[in-house]
Amino acid sequence: ARRAPDQLALVTHGRSLTYGELDALADLAASRLMDAGIRPGHIVGLWMPRGIDLLVMQAAIAKAGAAWLPVDEDTPVERLLVCMDDAQSPALVSSERMRERLGPHFAGTAQPVHMAEQLLAPAPDDYVLQRRGAVPGDAPAYVIYTSGSTGKPKGILIDQRSICHFLRSENQV
């Protein structure tokens, strides 16, 4: 984003974002997540349709220092809740397109639902972006869950150190 802010980063279905735009949107959403109490070590559920906003929300959760727990759009809400409960997730990031499916399932839970559209809404002129501090290498970066075909789904946690090592090695390859 710093090296090539005007270069296209994401393109899909007639919509595109430059690296600068992606960075700015992720910063805004990350700041709002931090305003809501999201911190390093937290695992945030991420249940959205595939597309640019999903990727922006992944970056935002990472910029908040938290980990994302991605769940496919067609996943039943009950499975989402099982995975979030197992991960002790303090919140879910979703989108208005998913609101009807969330329905009453989240009404009785302690986890707030943060809608991408609200996290990405233009900020007031006097809004000051929060920036996270250092994140320990052993803090979670993301969690994926097995299918649960043998019973309860099992979470596989990837920590910050491992994801950074993976990205460095991929750049070399």
Requested in this report: State which residue is nearest to MET34 (Cα to Cα) when the search covers only the stretch 104-122 and only residues that are open to solvent by 20 Å² or more (accessible area, probe 1.4 Å) and at pLDDT 95 or above.
Outcome: HIS114
Report task. Look through the stretch 17-41, keep the residues that are at pLDDT 95 or above, small (Gly, Ala, Ser) and surrounded by fewer than 18 Cβ atoms within 10 Å (Cβ to Cβ), and return whichever of them is nearest to GLY137 (Cα to Cα). Result -> GLY37
Query raised in the report: Does the stretch 117-135 include one or more residues that are farther than 26 Å from SER162 by Cα, in a helix (DSSP H, G or I) and touching a Lys or Arg at 6+ places or on another chain (Cβ under 6 Å)?
Result: yes
**Report entry** Pairs with Cβ under 6 Å, 6+ apart, first in the stretch 72-92 and touching a residue at least 60 places away in the same chain (Cβ under 8 Å) and open to solvent by less than 10 Å² (accessible area, probe 1.4 Å), second outside any loop (DSSP other than H, G, I, E, B) and among the aromatic types (Phe, Trp, Tyr)
**Finding:** CYS83/TYR145
Query raised in the report: Out of (1) surrounded by fewer than 13 Cβ atoms within 10 Å (Cβ to Cβ); (2) more than 19 Å from the chain's Cα centre (by Cα); (3) under 28 Å from GLU96 (Cα atoms), the odd one out for PRO153 is which?
Result: (1)
Report task. Please tell me if VAL44 is in contact (Cβ under 8 Å) with a residue 24 or more places away in the chain, β-branched (Val, Ile, Thr), surrounded by 19 or more Cβ atoms within 10 Å (Cβ to Cβ) and in contact with a Lys or Arg (Cβ under 8 Å, 6 or more places away or on another chain). Result -> no
Query raised in the report: Counting only residues that are touching a helix residue (DSSP H, G or I) at 6+ places or on another chain (Cβ under 9 Å) and within 24 Å of PRO140 (Cβ to Cβ), which one in the stretch 50-60 is surrounded by the most Cβ atoms within 10 Å (Cβ to Cβ)?
Result: ALA60
Report task. Give the stretch 144-161 a look and list any residue that's in contact (Cβ under 8 Å) with a residue 24 or more places away in the chain, part of a strand (DSSP E or B) and in contact with an Asp or Glu (Cβ under 9 Å, 6 or more places away or on another chain), or say none. Result -> TYR145, GLY155
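The values are calculated or read from the model by the stated rules, or taken from the named source; none is laboratory data. The model shown is predicted, which means the values in this text are computed figures rather than measured ones. For neighbour counting, all protein chains shown are included, and Cβ atoms are generated from backbone atoms with ideal geometry for every residue, glycine included. Just so you know, the surface numbers come from the protein's heavy atoms only, side chains and all, with ligands and any DNA or RNA stripped out. Shrake-Rupley method; radii C 1.70, N 1.55, O 1.52, S 1.80 Å.
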